[in-house]
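Notes for the one structure printed next.
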Amino acid sequence: MSFKTLINRIKVVGQSGPKDGFTTAPEGKLFSKTDPTVDGEECLHDCDSCTVKLPSKFKIEEDSKLYGYVAGWQTHLLVATGKTDWLRDVEHEKGSIMEAIDKCKVEPSNGKLKLSASNIPIPSGADSTTTCLLLPAFTFIDNVDPSSATSLIESHINTGPTNTTPLIDQPTSHANGQPNGSTAAVATSSSTLSSRPCPHRYLILLCSHKTRDARCGQSAPLLRKEFERHLRPLGLYRDLDDERPGGVGIYFISHVGGHKFSANVMIYRRADAAGVLKGEAAAAGGKEVEEEAGNMEAAQCIWLARVRPEDCENVVRYTVLQGKVVKPESQLRGGFDRGRQLVSW
């Protein structure tokens, strides 16, 4: 173990624990592991039709224990940049939302904010404004520019749900008072910012930060290609401009830590999709079943590492659609389950 790795682990162990009635789940208890007696023999095998391969010299650190060593976070903000790679530290991108939030005198009051640049497209015709995706709220925030960083934090991040906000059965309201499930955009009174629900039921976030580590830039496009191959027959694939309700949005994001464990994959699952799903695409002859709009917030985030193209079929089948992990001992870094009030930190 390197000295840097040891220091990082000491920092995680020393951080404050969960709050609001949440508990730290021991290894093996946060998410269910697939069971061949329940899930079928397929869960024991990697995809045998996968032709996408990582580069021959692609090296992944295989020895370190993964679970429980990611620092806890409360909210996650994805900033639309339309790019797949950025400066080593995204907050150094001049004139960016990332820089504005990093330098903002107002800090989030509801816990640690994970800030990611993303390849979400910048709105067409936008001059200096862009869009952000706030999690676990599953909310797009439009008309964001560097001068609105304070309003973004105070009116949306600080007042929105966090990863340790307990879920309730009925639909909840967003920070701006708009009920979950509504598709209307709502402007806040304090600025030009407006918000709207993210239409997707699931999100797959892939680190593509090549400037930080070449492996991330190599693995992200290959994994996206393979995820798309398995999602399309189910009617679940959504490209960057596809805002049909439901489905799976796949976004590239900046460095999340642990690039030596590439590929890092973060999977957010909405509350009305978490748990054992009914009428899911696989049981509908490849056609997605639209259910009544329920709680639109993320109930779970499952953070995997060491994901290879041949893992993608079972990641879709079991992790994205069912919230189970196929290889928790070697791939699960952490995450949260708001329904069961469990976190990995």
(message) Given points 7 Å out from each Cα along the Cα-Cβ axis, report the LYS225 to THR159 separation in nanometres with one decimal.
(response) 4.6
(message) Per residue of region 306-313, what does 6.51 cos²θ - 1.76 cosθ + 1.60 with θ = phi - 60° give for ³J(HN,Hα)? Whole Hz please, x for Gly and Pro, Karplus curve as stated.
(response) 6, 7, 10, x, 5, 7, 4, 4
(request) Could you pull out every residue, at least 5 positions away or on a different chain, whose amide H is within less than 5 Å of the one on VAL307? Hs are placed 1.01 Å off N in the peptide plane, and Pro or chain starts have none. (result) ALA263
(request) With a bin width of 10 angstrom, please list the P(r) values of region 15-152 as percents of all Cα-Cα pairs, from the 0 bin to the one holding the largest distance. (result) 9, 27, 26, 26, 11, 1
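Read-outs throughout are calculated quantities, based only on the coordinates presented, and are distinct from any laboratory measurement. Note that the coordinates shown come from a computational prediction; the quantities given were computed from them, not determined experimentally. Neighbour counts are summed over all protein chains in view; Cβ atoms, including those assigned to glycine, are modelled from backbone coordinates with ideal geometry.
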